[in-house]
1. What's the total number of residues in the stretch 2-19 that are β-branched (Val, Ile, Thr), modelled with pLDDT under 95 and surrounded by 13 or more Cβ atoms within 10 Å (Cβ to Cβ)?
2. Check Leu42 against each of (1) touching a residue at least 40 places away in the same chain (Cβ under 8 Å); (2) part of a strand (DSSP E or B) and name the one condition it does not meet.
3. Does the stretch 28-40 contain at least one residue that is under 16 Å from Val121 (Cβ atoms), within 12 Å of the chain's Cα centre (by Cα) and either polar (S, T, N, Q) or surrounded by 13 or more Cβ atoms within 10 Å (Cβ to Cβ) (or both)?
4. Consider the stretch 24-37. How many of its residues are modelled with pLDDT of 95 or more and either farther than 16 Å from Ala108 by Cβ or aromatic (Phe, Trp, Tyr) (or both)?
Amino acid sequence: MTPATTASVSTHILDTSLGRPAEGVAVSLAARGGPGARWEALGGSRTDGDGRCKDLPALPEGTAQVRLDFETEAYFISREEAVSREEAEAQQDAPRARDSGVFFPEVAITFAVTPGEHYHVPLLLNPFGYSVYRGS
């Protein structure tokens, strides 16, 4: 068996304010060979109903650092619009417009990788904070 020459990456997002997966968040992936090297955009995905990106692109050989960019603003805006619609239906009023008030419009996570290793990087997200960790 030949050793793996690249690392692999997966992620998922949990909205801790709702206690549910964050569905529909755009996630993009970039890689570089080390500090000071140029970032190479590799593509992206969108979280599914379980908050997971199951189809992130593979990392090129020689990748030493990875960046995951999470586009959180659109997620929070759509979540607020859904809440407004539910409230309007309950009160039988027209939906109200809300200021997005999104504190973190995007979250960028950069981390180092070693060839042959798998890196699962969950994002725990709420409107006014987030945390990440190396999962399994």
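The values are calculated or read from the model by the stated rules, or taken from the named source; none is laboratory data. Keep in mind it's a predicted model, so treat the numbers as computed, not measured. Don't worry about glycine lacking a Cβ; one is built from the backbone with ideal geometry, like all the others, and counts go over all protein chains shown.
1. The initial filter retains those residues of the stretch 2-19 that are β-branched (Val, Ile, Thr), namely 2, 5-6, 9, 11, 13, 16.
Now narrow it down to the ones that are modelled with pLDDT under 95: 2, 5-6.
In the following step, the residues that additionally are surrounded by 13 or more Cβ atoms within 10 Å (Cβ to Cβ) were identified as 6.
Residues flagged as β-branched (Val, Ile, Thr), modelled with pLDDT under 95 and surrounded by 13 or more Cβ atoms within 10 Å (Cβ to Cβ) within the stretch 2-19 amount to 1.
2. (1)
3. Filtering the stretch 28-40 down to residues under 16 Å from Val121 (Cβ atoms) leaves 28-31.
Now drop any that are not within 12 Å of the chain's Cα centre (by Cα), which leaves 28-29.
Right, trim to either polar (S, T, N, Q) or surrounded by 13 or more Cβ atoms within 10 Å (Cβ to Cβ) (or both) and you get 28-29.
So far as the stretch 28-40 goes, yes, one or more of its residues are under 16 Å from Val121 (Cβ atoms), within 12 Å of the chain's Cα centre (by Cα) and either polar (S, T, N, Q) or surrounded by 13 or more Cβ atoms within 10 Å (Cβ to Cβ) (or both).
4. Filtering the stretch 24-37 down to residues modelled with pLDDT of 95 or more leaves 24-33, 37.
From the residues that got through so far, the ones that are either farther than 16 Å from Ala108 by Cβ or aromatic (Phe, Trp, Tyr) (or both) too are 24, 33, 37.
Result for the stretch 24-37: 3.
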